[in-house]
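Laboratory data are not the source of any read-out in this text; all were calculated from the coordinates shown. Nothing here was measured: the structure is a model prediction, and the numbers come from that model. Note that we place each Cβ from the backbone using ideal geometry, even for glycine, and neighbour counts take in every protein chain shown.
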There are 2 protein chains.
Amino acid sequence: MSGRINQMKGMQSVEFAEMPYIMESACICGSKEGEGPLKDTFDTCVSDDMFGCDTWEKAESALQEKTVNLLMAKSSLAKKDIRYIFAGDLMGQLIASTFGLMNFEIPLFGLYGACSTMGEAISLGAMTVAGGYADKIIALASSHFASAEKTFRFPLEYGNQRPYSATWTVTGCGAVTIVDRKKVDGTMAKAAIKGVTTGKIIDYGVRDSMNMGACMAPAAADVIENNLKDFNYRPDEYDKIITGDLGYIGQTILISLLKEKGIDISENHMDCGIEIFDSEKQDTHAGGSGCGCSASVLCGYILNNIKTGVWKKVLFVPTGALLSTVSFNEGQTVPGIAHGVIIQNVEVE
Amino acid sequence: MSGRINQMKGMQSVEFAEMPYIMESACICGSKEGEGPLKDTFDTCVSDDMFGCDTWEKAESALQEKTVNLLMAKSSLAKKDIRYIFAGDLMGQLIASTFGLMNFEIPLFGLYGACSTMGEAISLGAMTVAGGYADKIIALASSHFASAEKTFRFPLEYGNQRPYSATWTVTGCGAVTIVDRKKVDGTMAKAAIKGVTTGKIIDYGVRDSMNMGACMAPAAADVIENNLKDFNYRPDEYDKIITGDLGYIGQTILISLLKEKGIDISENHMDCGIEIFDSEKQDTHAGGSGCGCSASVLCGYILNNIKTGVWKKVLFVPTGALLSTVSFNEGQTVPGIAHGVIIQNVEVE
């Protein structure tokens, strides 16, 4: 371990003196994700979006529980090997995580960063491992289309029309094991975590909950700008700069906001929400969203490409829109937050 | 910094090789808390529980903002000096924290641990400082009687009767600065943080949201038992073992659960929810609750007693009941979680 000073990097980043590693990942998605372009990168896509339960919220909990069980099986780890879980979801009071994770009996840090939660969970999980507090932790996030629609928008039975700026909440859970060494029992980790850039709440005064890309793009721009500044990187030093769920409209805003600052990410930007669905064929409008969107795209598509060396280094920036139906109905704005994580191939320095 | 191995302690604790310090604290409470026995230990008790706002949620945000401003003034720190905020509240999607903290423009980790949130925030904040990721952070939690009643129970206007097992949500916010050294600019810190014990979700199958003490007591018992085991302490090595908001009924259950394990804390147990109100005169039934309860009692009464050496070492264990109206109405149980922090006088080894 190096001393404390050299782990702080610039204004809002951390660079790990000894990198923590993403040992393994698991992701389970719903039926619509199973019809999308990334279907083959997920471990499982279920046909029953109720996951055998009688409410949408219990379904999301079952999704989390199944994903963690799968992750532990893929990692050859038992409950007792995991020191902490860092987890969150979109439900009020995190009930999907509570009932999804309680049977594991593992010390839990409950997190809420809206759809940025996977970035928050990996950041804190990596800091915990690199700080010497744990050798193995799990970080995860989930969302479910139907529980999110019920929480934030309209009951499904109402059959409301959706504007083209709206996104489609992903039914999915992505989970990773983060460990303190490159190899565990002879198995090489999937990726290394070089550092993190933690986001501030950014409010541009947008009040349209059906256009969350516009709400979140300024927060993503702020994290990307500060990450590049703190690490003294050019955008093209990343093979991809990957936001969570900005969608088509948010992507345009993000690229344009950064251009105004002299930063061009148009060549290497990717958005998980744009990738996960075929918006024309699947009628998903601006793209996918929900904290399960970036989490499951990370745990499938992104980590596959990093492990195989297709990408050497990416900046993963899940993005969250901070609202509830109460804040929205009381006329509050919808501020955004984003959390950046530098994920790289294990052979990269 | 010591190596990574020796910071893990037992099954679910961390012992800091270099202790982080609670430099300063601030707490602002509402009018009812201003009539209670601890009123002189709070920095301010307001007479206007709306904090000049037009909704209860905005009032809670204003409470957070005022508390952080007060904390920074008391600590002689500016926004730019604070590297992270660790914060949470009880509102769905953490809207009290979002709108209360966004003007500070400080990187934020949003947390949800129900009424255990102050324990979670201090744990992660202390781990962040001791891990070398920050020199100064803020940890805080808030609750507001009226926003919590609206979220979890009934509108105030309905005037429902409350069973004697019910608690009264505290209107209050407590915030601390955690720093990496004992003295900042010649000023001695209020307390040191020796270690933390992170809680698991514990579910005894209780379904009564009006008896949250019973829901949370098993989680508190589990954290206290594991803390004593991990640090090899006897209960009487703590001047006080302080739970968050178990109230009278939860206290009885806690003491009895631990007695069954051969652990007697009856002499040195204290509960913030019992201390903050005079339940007979103030009609608060089982006691105070809400994450603002343990946070404001910590930031006033507890830290005062530690700073002046009345108490050398305490175990601070905020306790949370994990439910939402959705989970409750769908027939789910109310599991509990608790997070323990060892807080001691700065002169104690």
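Given axes a ≥ b ≥ c from the Cα gyration tensor, I'd like to know whether the range B:1-111 is rounded (a/c under 1.5), prolate (a/b larger than b/c) or oblate. Prolate shape, in that a/c is at least 1.5 and a/b is the bigger ratio. Charges were assigned to the Cβ only: +1 to each Lys and Arg, -1 to each Asp and Glu. The resulting dipole of the range A:217-302 about its Cα centre is roughly 120 debye.
Proximity of backbone amide H atoms, modeled 1.01 Å from N, is registered between B:H269 and B:I241 at under 5 Å, excluding neighbours fewer than 5 places apart on the same chain. Summing Lys and Arg as +1 and Asp and Glu as -1 over all other residues whose Cβ lies under 12 Å from the Cβ of B:Q251 gives a net charge of -3.
Once both labels are positioned 7 Å from their Cα atoms along Cα-to-Cβ, the gap between A:S266 and B:A78 label points is 3.8 nm. Against the empirical 2.2 N^0.38 Å scaling, what ratio does the C-alpha Rg of the range A:217-349 come to? The reported ratio for this selection is 1.07. Exposure proxy ranking for A:H269, A:H339, based on other Cβ atoms within 10 angstrom of each Cβ and starting from the fewest, stands as A:H269, A:H339.
In this simple spin-label approximation, A:V348 and A:Y158 carry label points 7 Å from Cα along the Cα→Cβ vector, and these lie 4.4 nm apart. Couplings 3J(HN,Hα) for the range A:122-131, derived from phi with the Karplus relation 6.51 cos²θ - 1.76 cosθ + 1.60 (θ = phi - 60°), are 5, 4, 5, x, 5, 5, 5, 5, 5, x Hz, where x marks Gly and Pro. Close amide H partners of B:K136, meaning residues 5 or more places away or on another chain with modelled amide H under 5 Å apart, are B:R83.
Between the alpha-carbon centres of the range A:122-189 and the range B:84-111 there is a gap of 20 Å.
Sorting the Cα pairs of the protein assembly as shown by distance into bins of 10 Å, from 0 upward, gives 3, 17, 29, 28, 17, 5, 0 percent per bin. Ordered shortest first, which distances in nm separate the 7 Å Cα→C-beta label point of A:N69 from those of the other copies? A:N69 label point versus its equivalents elsewhere: 5.2 nm. With label points defined 7 Å past Cα in the direction of Cβ, position A:R153 shows copy-to-copy spacings of 3.5 nm, given to one decimal and shortest first. Where both bridge residues fall in chain A, DSSP classifies roughly 65% of the beta bridges as antiparallel. Evaluated with a Cβ-only charge set (Lys, Arg +1; Asp, Glu -1), the range B:92-167 carries a dipole of roughly 200 debye about its Cα centre, given to the nearest 20. By the beta-carbon count within 10 Å of each Cβ, the least crowded to most crowded order of A:V346, A:V179, B:V297, A:V310, fewest first, is A:V310, A:V346, A:V179, B:V297. Label points for B:D208 are taken 7 Å from Cα along Cα→Cβ. From this copy to the others they lie 5.1 nm apart, shortest first.
The GluC sites (Glu not before Pro) of the range A:232-287 that DSSP puts in a loop, and whose beta carbon has at most 14 other beta carbons within 10 Å, are A:E267.
Net charge around A:C115, counting only other residues with Cβ within less than 14 Å of its Cβ (Lys, Arg = +1; Asp, Glu = -1)? Result for the local shell: -4.
A cut-off of 5 Å between modelled amide H atoms, ignoring neighbours fewer than 5 places along the same chain, links A:A191 with A:I22. Lysine pair count for the range A:231-331 (Cα-Cα distance under 18 Å; residues 8 or more apart in sequence or on different chains): 4.
In Å³ and rounded to a whole number, note down the convex hull volume per residue for the Cα atoms of the range B:1-61. If you can, show how the numbers build up before the last one.
Values: hull volume 10.6 nm³, N = 61.
Normalising the Cα hull of the range B:1-61 by residue number yields 173 Å³.
Taking 31 Å as the limit for the C-alpha separation, the pairs A:K58/B:K229; A:K136/B:K183; A:K150/B:K58; A:K80/B:K58; A:K79/A:K194; B:K80/B:K194 exceed it in the case of A:K58/B:K229; A:K136/B:K183; A:K80/B:K58.
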